[in-house]
Every structure is written in C-alpha cells, then in structure tokens.
C-alpha cells in the first residue's frame with residue numbers, strides 16, 4: 001500500500017476551502033515485530049485503530065508539537081500503517097501557507113507539505129481525525145489521479161533502533177520529485 005499510494009491525491013476540505021496534494025513520499029510500518037511501529041508493544045489506547053481494517057486514519061502527536069498522518073493498511077487484527085511523509089501541493093496553497101505561518105517562514109511552495117509534521121500543519125490536521133474513514137469522510141479523502149509514477153525505495157528515516165527491520169527499503173518516493181523530504 002505504501003508504494004501504491006504514490007501519485008494519489010490527498011484532499012482536505014476545510015471551512016475555508018480545499019487543500020490538496022499528490023502523495024510523493026510514504027513509509028510502511030508492519031506490525032508488532034517492527035520496532036519502529038507504534039504496534040511494537042501490542043494494542044494500546046493510542047494505536048488501537050491500527051488493529052482495525054485498512055482505510056482509516058491513524059494520527060498522533062510527535063515531540064508534543066506535530067501530528068503525523070498514517071493510513072491503516074491491513075486487514076482487521078493486523079497492525080500495519082503507512083506514514084504519509086510528503087505531498088506535492090495541488091490546491092489551496094494560500095490556505096496551506098496561512099496554516100504554516102505560526103510555525104515560521106516557509107521558503108517556497110516546494111516546502112509547504114514536505115515532511116510529515118509540516119504536512120499536517122499545512123492541511124490543518126489534528127487529533128480529531130483519529131479513526132476517520134477515508135472512504136466516507138467529508139473532510140479528508142484519497143483520490144485516484146490515474147497516474148502511476150515511477151517509484152524509488154529506500155530505508156525509512158530516523159529509525160536506527162528498529163532492529164532487523166532497520167535496513168528494509170520501506171520508504172517510497174516518486175522518482176526525481178522535488179517535493180520529497182530530505
């Protein structure tokens with residue numbers, strides 16, 4: 001699913017308009033054996049949505065500042081999720097800039113939705129999206145663009161502690177896309 005989401009459009013409907021972008025970077029997290037996964041300690045109040053069926057939002061706060069958006073990726077009982085790391089902005093850029101303003105200057109549109117924390121600020125995503133059904137939601141959904149971009153696989157970012165899964169090529173990016181995070 002992490003590779004398959006590349007090129008799809010993530011759409012966020014706000015009270016002020018639509019903000020959207022094409023998914024250009026993802027990371028896969030594969031359950032309780034994956035030490036980088038929130039499921040590594042089993043089912044908890046925080047990660048319970050990961051144990052549900054695919055297509056639901058798993059969102060959480062990181063570093064006490066930023067939210068990270070994940071999409072539950074497997075069948076019920078199998079805690080797998082895909083972290084959405086970056087989008088190529090398509091619509092609502094002015095709204096995204098306004099949302100990011102309180103977090104400091106954004107140098108260019110290229111940086112608006114680059115990185116999972118900044119992406120959530122730009123789209124104005126918060127804990128209220130936890131458990132949102134992407135197939136039925138009126139405020140966030142994924143659209144098929146009809147494109148299947150060329151993908152590159154590499155290791156996930158910042159998970160040196162992940163044991164045997166540390167070096168797995170589970171980070172996927174659209175080849176050559178300038179909106180991919182560093």
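The values are calculated or read from the model by the stated rules, or taken from the named source; none is laboratory data. What you see is a predicted model, and the numbers here were worked out from it, not measured in a lab. Don't worry about glycine lacking a Cβ; one is built from the backbone with ideal geometry, like all the others, and counts go over all protein chains shown.
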> Which of the residues that make up region 55-79 are surrounded by 23 or more Cβ atoms within 10 Å (Cβ to Cβ) and in a loop (DSSP other than H, G, I, E, B)?
Replying inline: 73, 79
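Being under 25 Å from residue 17 (Cβ atoms) and part of a loop (DSSP other than H, G, I, E, B) narrows it down to one residue among 125, 100, 87; which is it?
The unique qualifying residue is 125.
Pick from 127, 114: which is modelled with pLDDT under 95, in contact with a strand residue (DSSP E or B) (Cβ under 7 Å, 6 or more places away or on another chain) and closer than 30 Å to residue 35 by Cβ?
Only one candidate passes the filter, namely 114.
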>> Condition first: touching a residue at least 24 places away in the same chain (Cβ under 8 Å) and surrounded by fewer than 24 Cβ atoms within 10 Å (Cβ to Cβ). Now tell me which residues in region 98-113 satisfy that.
In response: 99, 110
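Residues are listed down the side, and each one gets a yes or a no for (1) within 21 Å of residue 171 (Cα to Cα); (2) surrounded by fewer than 17 Cβ atoms within 10 Å (Cβ to Cβ); (3) touching a residue at least 40 places away in the same chain (Cβ under 8 Å):
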site: 11; (1), (2), (3): no, no, yes
site: 22; (1), (2), (3): yes, no, yes
site: 28; (1), (2), (3): yes, no, yes
site: 44; (1), (2), (3): no, yes, no
>> Suppose we filter region 22-50 for residues that are touching a helix residue (DSSP H, G or I) at 6+ places or on another chain (Cβ under 8 Å) and part of a strand (DSSP E or B); how many remain?
In response: 1
> Picking from 123, 119, 95, which residue would you name as being out of contact with any helix residue (DSSP H, G or I) (no Cβ under 8 Å at 6 or more places or on another chain), touching a residue at least 24 places away in the same chain (Cβ under 8 Å) and crowded, with 21+ Cβ neighbours inside 10 Å?
Replying inline: 119
